[in-house]
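S.K.: Just passing along the structure, written as structure tokens.
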Amino acid sequence: MKKIFLILCVPFVVFGQTKDYTENVWEKSESYNLLGNREESINVLLKNIDSLEVHEKKNVFNLSSIYNYLGLRYQTYGKWDKSAFAYTSALLLVEKTNKYDSLKSNIYLNLGLLYVKTGDASADYYLDTAEELAVKTNNNGVLFVLYKVRQRLDEGIRFAKQIRNNQYLANYYYYKAMPNTLESKLYFDSARLVMPKFPQAKLQNFQYHLFIVDYFLRDNRIDSALYHCEKAAEIPTIFQIKIH
């Protein structure tokens with residue numbers, strides 16, 4: 001298996017029809033998650049699945065999308081068996097259709113990343129398929145993650161420049177800055193210069209400060225590390241929690 005570099009947070013992006021409905025369900029689940037109510041965060045997804053299964057043939061995209069979100073939520077909580085079952089359920093709904101290739105690429109990505117974490121030998125197959133479908137459908141969100149987790153950072157930099165996405169570009173730059181090398185400062189400076197400001201790129205700004213904290217700690221520059229710790233700590237307060 002190719003060497004994989006796991007990241008802390010994997011952004012999940014859905015492209016396709018009835019996007020608003022599925023995203024609203026996810027946002028509601030995420031609101032409960034941020035409040036620490038794991039049970040209700042899961043229940044929101046399960047209730048919508050139960051409702052959609054009554055009309056499965058008319059709502060295949062929605063049902064598959066929410067199963068995928070359920071897998072992501074279970075994975076977040078360390079329930080890997082349930083996560084794999086949810087992802088597989090999502091994939092079975094759309095796998096044999098000639099539609100929804102962008103959604104499929106997200107599901108294959110999530111399964112691949114889960115199997116990397118569990119040491120399953122089939123991880124590469126799912127990641128390879130995710131990339132194939134993402135290229136076919138221009139699912140940049142999936143490609144962005146794949147170039148990171150597979151340490152294809154130079155390719156990711158070219159990709160980000162090609163699509164003119166400074167959020168992605170900054171992310172690749174601060175990954176290139178690790179571990180400490182003579183070029184680390186150059187990459188951190190490059191990330192800072194292209195990083196979109198708030199309210200854009202909250203996660204990338206947060207991760208940037210965490211990475212540079214680690215960099216300064218390993219260089220024994222405690223004051224600089226503390227400064228960026230404080231900057232990172234300020235960012236979560238910007239997120240708004242809303243229960244619909």
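The values are calculated or read from the model by the stated rules, or taken from the named source; none is laboratory data. Here the structure is a predicted model, which is why all the values come from computation and not from measurement. No Cβ is skipped: glycine too gets one built from the backbone with ideal geometry, and neighbour counts run over all protein chains shown.
S.K.: Could you look through region 176-195, keep only residues that are closer than 16 Å to H209 by Cβ and among the aliphatic types (A, V, I, L, M), and pick out the one that is farthest from the chain's Cα centre (by Cα)?
M.R.: Ranking the candidates gives L193 first.
S.K.: Answer yes if at least one residue in region 48-65 is among the aliphatic types (A, V, I, L, M), in contact (Cβ under 8 Å) with a residue 24 or more places away in the chain and in contact with a Leu (Cβ under 6 Å, 6 or more places away or on another chain), and no otherwise.
M.R.: yes
S.K.: Where in region 27-145 are there helices (runs of 4 or more DSSP H), lying wholly inside it, with at least 2 residues that are hydroxyl-bearing (S, T, Y) and within 24 Å of Y172 (Cα to Cα)?
M.R.: Result: 101-118, 123-137.
S.K.: Still on this model: What's the total number of residues in region 141-174 that are in contact (Cβ under 8 Å) with a residue 60 or more places away in the chain and crowded, with 17+ Cβ neighbours inside 10 Å?
M.R.: Within region 141-174, residues that are in contact (Cβ under 8 Å) with a residue 60 or more places away in the chain and crowded, with 17+ Cβ neighbours inside 10 Å number 7.
S.K.: Is it true that N205 is touching a helix residue (DSSP H, G or I) at 6+ places or on another chain (Cβ under 8 Å), in a loop (DSSP other than H, G, I, E, B) and not assigned by TED's automatic domain parsing to the domain that holds V145?
M.R.: no
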